[in-house]
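Notes for the one structure printed next.
Read-outs throughout are calculated quantities, based only on the coordinates presented, and are distinct from any laboratory measurement. It should be emphasised that the depicted structure is a prediction, and the values quoted were computed from it without experimental measurement. All Cβ positions, glycine included, derive from the backbone under ideal geometry; neighbour counts span all protein chains shown.
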Amino acid sequence: MLSGLLGIGGGSILVPAMVFLLGMSQHRANATSLAVIAVVAVSGAVFYSRHGLVDWYVAIELMFGGVVGAAVGAKLCNRLSANHLKNYFGIFLALVGLRMLYSAVFMAAASSHVTGRSVDAHTLGGGLFVVVIGVVTGVLAGLFGIGGGLVMVPVLTLMLGFAQKSAQGISLAVMIPVAVSGTLIHSAHGNVRWGIALWLALGGVLGSVVGARLAVHADDSILRGLFGTLVVVTGNLMFRHKARCAN
């Protein structure tokens, strides 16, 4: 439901749930989460696209960088400890979430339409910037088992000026190839628990359809506030949690 409602993959909930409730290692949880996200994102992206909320030009730019980044992140996950990066990423998420909450509270009147853009994705420089953002989100997706929406949505709204719903639709569309890329690398190392992934994906698809329907009819400022709150909480958890990305 959070995937469809807020344009995230759901890894911020899937990974901790698999670690703490199913007793899965951090490494396997990250890998299995990406496999689930690849499926769940499809249903959400299709719903958003049918309502004209996906800018495919920007989505494709993000996909190019994201697929490469996800492969790199998945390989790093098998070699490096992610403790320090988790701390920095947690702080970054908390700051982004606070900025989103500020926008929701004080700029609600402007959140329902496209605002002025500090970066134009249709120029060469802007396009390269978007590709770089795709690489960054892809690395984080492969490394932590998240879809990348926690980074993409704030960038699309705060730096590229997209309305919240459009940003969420683009984010879900980009997650599909990004998650598939990371999943293939993790699968090659035998870290994807396919049996668990199947059942999680089944529930995830059903939930994402419900969430997307709610999002289409919700006010952008409310969605931005909910997203900001989730990002702050997730950032705090990532900063506090010291689990390593290891077997």
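Give the residue from VAL36, ALA167, ILE60 lying farthest towards the positive end of the charge dipole for the chain; charges sit on Cβ (+1 for Lys and Arg, -1 for Asp and Glu) and the dipole is referred to the Cα centre.
Value computed over the given set: VAL36.
Relative to the longest principal Cα axis of the chain, at what angle does helix 220-240 sit, 0 to 90 degrees, rounded to 10?
It is inclined by approximately 30 degrees.
Hey, what did the stretch 2-240 get for relative contact order, percent, Cα under 8 Å, at least 6 apart?
On the way: 471 pairs, mean separation 100.9, N = 239.
Result for the stretch 2-240 is 42 percent.
Quick check: the angle from helix 194-216's long axis to the longest principal axis of the chain, C-alpha only, nearest 10 degrees?
Its long axis makes an angle of about 10 degrees.
Report, to the nearest 10°, how far helix 11-20 tilts away from the longest principal axis of the Cα atoms in the chain, using its own Cα long axis and a range of 0 to 90°.
30 degrees
Please get the size of the charge dipole for the stretch 124-247, origin at its Cα centre, with Cβ charges of +1 on Lys and Arg and -1 on Asp and Glu, quoted in debye to the nearest 20. Present the calculation step by step, with values, prior to reporting the outcome.
Details: 7 positive and 2 negative charges, 68 e Å.
Dipole about the Cα centre, nearest 20: 320 debye.
Need one number: the % of Cα-Cα pairs in the stretch 127-247 sitting beyond the 21 Å mark.
Details: 3397 of 7260 pairs.
Here the tail beyond 21 Å accounts for 47 percent of pairs.
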